[in-house]
Amino acid sequence: MTTGARALPARARPIGRPCAVSACDWHQQAIEPLADRQDEPVAAARRAYHAAWLAHFERPDDPACRPVVSVLIPVYNRAGVVVEAIESCLEQTYPAIEIVVIDDGSTDRIADALAPYRSRITLVTQRNAGVSAARNAGARAARGAFLHFLDSDNLLAPECISRKIDAFREIADAELCFSGFDELDADGVPCAVTHTYRPDGGWRCPTTELMRAVAPRYPFIVSAVMLPRWLYLAVGGFEEDLRRYHEDTRLWFTLALRGTKTIALDEALAIKRHRHDSLSHRWRTGSRDATHEVVVLRCAADVIGTPTRWEYVLDYLEPALARPVFASLDPSVRDEHRRLRAAIRACVLERGRSGASALPILMACLLRVRAAAIVLDTAGATARRTRRALEAELRTAIQAADGLAARDLTRWRNAQAGAQRPNPVVRLFLTTAGTDLSQAEHSLTGFEAAVRSAGHQRFTAHWYAFAGLARQLGSARAVALARRIGPLGCIGSTRAVWQFVWPRLRSRLGARSRAWLGHVAAAKPAEVPRGHRPAQR
């Protein structure tokens, strides 16, 4: 327990590494280098943050010395529900709260709904610019040491902010705190099936390394997050070109790349309400734009360009290189594809700066692209051109990349040692490579057996990765082995065989034959009509 901190209730115990020194000493050490940087907005905000904690530790019973938490509530045409969100803030057991409501150009007379609360809230108005711009405007107007986010249709539990303040008091060097949340349907009934991930410190929802949480999934909602205001300013806040969807996903990923230390509370302290007019409901029901594709490509480029986070590339590639990302015609998506290809070219040069070889992540990218090719080659000319351009960039980068050295293998072994689900690409390299790729041929026979036992769904992706490794080795034996264990030689699933063969047959068949065989390629075996034969040409 750190000095100046009181014990948390057992059910609200934060999961995280305690600070190495007392909380008071840590804040004192952190504030000293900031004395000469008062003119810098981020440094000034950080100094105010540490000063607020030092004042609280000096006079813990003085209500005026508690760190202020600014709750940001962006609203657009939600006069009926934003009042309930404000009420949930006013019911907080922690008194030092500032409520900042940002009216993003509403047209539903929201000022009348907020009139009874004008003395208890800070109201910011702006022209409609999207939720990201609204939150950024609220952060600029806020005066608190902390920012807590709250969507206008969600609610906070009465002890939400108090629990998080206690957590930051106990783990002084934490930079983000989130909690679990409950979900209600449109009628206010608790959802019978929830996809909430309770923080437990394991692979499902780790809390000491934010990147490990956000790479494969996003286990928390924006209304469950509280963080220091200086940190929000340091990363630039939400990206304002993301007006409606996935802006929070992008912020968590940006924070994770910088190594943000995270704690979590293992109880539901926020309430997410599913409404038919909410942005999340519109996205789930198909009323969406290209924002999802833009975000996953932007995050993929960033993590590929950050060698210290390369082990997380493998967890992020599956959503980043899925079919919708390739098939989109939106100009912004094409721009992000170009940025991703530039990041791939640049990562080859990272050996000199980081001492690591980019070969494993390049092979992982190629694995995902080649695994998606069977479906993508039937998805239209745009998807084919985009995939082929990315694949060509990857092949060029692989040829230019340095081979694996002993320190690379040690790094990847250590990364996999703490993983609950070892990545098959990493397992491939660790199985086939010795201290250098040139020594890998002795493991080829063992890898053939491992590939054959991988299961039909994963076999094709494993084989493509192995074929790329064989080419990198420049070994005639490896290439011959790759051909011998190719997809048509090992895949036992009729559907998988059709998916492999179909793109190569469609140009030679008539229209009715293409329609029927396309149904076979896409359907489950039970869905294929029995006894049906395509018409003869």
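Hey, among the residues in the stretch 138-156 that are part of a loop (DSSP other than H, G, I, E, B), in contact with a Ser or Thr (Cβ under 8 Å, 6 or more places away or on another chain) and buried (at least 21 other Cβ atoms within 10 Å of the Cβ), which one's modelled with the lowest pLDDT? Filtering first and then ranking leaves Asp153. Report whether or not Asp104 is among the charged types (D, E, K, R) and crowded, with 22+ Cβ neighbours inside 10 Å. Yes: the conditions hold for Asp104. Looking across the stretch 216-248, the residues that are open to solvent by 20 Å² or more (accessible area, probe 1.4 Å) and assigned to a helix (DSSP H, G or I) come down to Arg229, Leu233, Ala234, Asp248. Select from the stretch 305-343 the residues that are closer than 28 Å to Gly355 by Cβ, modelled with pLDDT of 90 or more and in contact with a helix residue (DSSP H, G or I) (Cβ under 6 Å, 6 or more places away or on another chain) and list them in ascending order. Selection gives Arg339, Leu340, Arg341, Ala343.
May I ask you to list pairs of residues, at least six apart or on different chains, whose Cβ atoms are under 9 Å apart, with the first in the stretch 390-409 being hydroxyl-bearing (Ser, Thr, Tyr) and the second being at pLDDT 75 or above and open to solvent by 30 Å² or more (accessible area, probe 1.4 Å)? Taking only residues 6 or more apart or on different chains, the pairs are Thr396/Arg345.
Kindly evaluate Ile110 against the criterion of being out of contact with any Cys (no Cβ under 9 Å at 6 or more places or on another chain) and of a type in the set (A, V, I, L, M, F, W, C).
Details: out of contact with any Cys (no Cβ under 9 Å at 6 or more places or on another chain): yes; of a type in the set (A, V, I, L, M, F, W, C): yes.
Yes.
Only residues that are farther than 15 Å from Gly236 by Cβ and open to solvent by less than 20 Å² (accessible area, probe 1.4 Å): list them for the stretch 122-137, please. Give the derivation first.
Going through the stretch 122-137, the residues farther than 15 Å from Gly236 by Cβ turn out to be 122-131, 134.
Within the stretch 122-137, Gly130, Ala134 qualify.
Taking residues in the stretch 56-68 that are within 20 Å of Ala142 (Cα to Cα), and partners anywhere that are of a type in the set (A, V, I, L, M) and part of a helix (DSSP H, G or I), the pairs with Cβ atoms closer than 6 Å and at least 6 places apart or on different chains are Cys65/Ala55; Pro67/Ala52.
Return the residue satisfying two criteria in turn: it lies in the stretch 50-84 and is assigned to a helix (DSSP H, G or I) and of a type in the set (Phe, Trp, Tyr), and of such residues it is least open to solvent (accessible area, probe 1.4 Å).
First, the residues of the stretch 50-84 that are assigned to a helix (DSSP H, G or I): 50-58, 63-65, 79-84.
Those still in the list that are of a type in the set (Phe, Trp, Tyr) too: 53, 57.
Numbers: Trp53: 1, Phe57: 37 Å².
Only one residue fits best here, namely Trp53.
Between Ala172, Ala268, Ala186, the distinction of being modelled with pLDDT under 90, over 29 Å from Ile304 (Cα atoms) and part of a loop (DSSP other than H, G, I, E, B) belongs to Ala186 only.
The values are calculated or read from the model by the stated rules, or taken from the named source; none is laboratory data. Values in this document were obtained by computation on a predicted structure and should not be read as measured data. For neighbour counting, all protein chains shown are included, and Cβ atoms are generated from backbone atoms with ideal geometry for every residue, glycine included. What goes into the accessible areas is simple: the full protein's heavy atoms, side chains included, and nothing from ligands, DNA or RNA. Shrake-Rupley method; radii C 1.70, N 1.55, O 1.52, S 1.80 Å.
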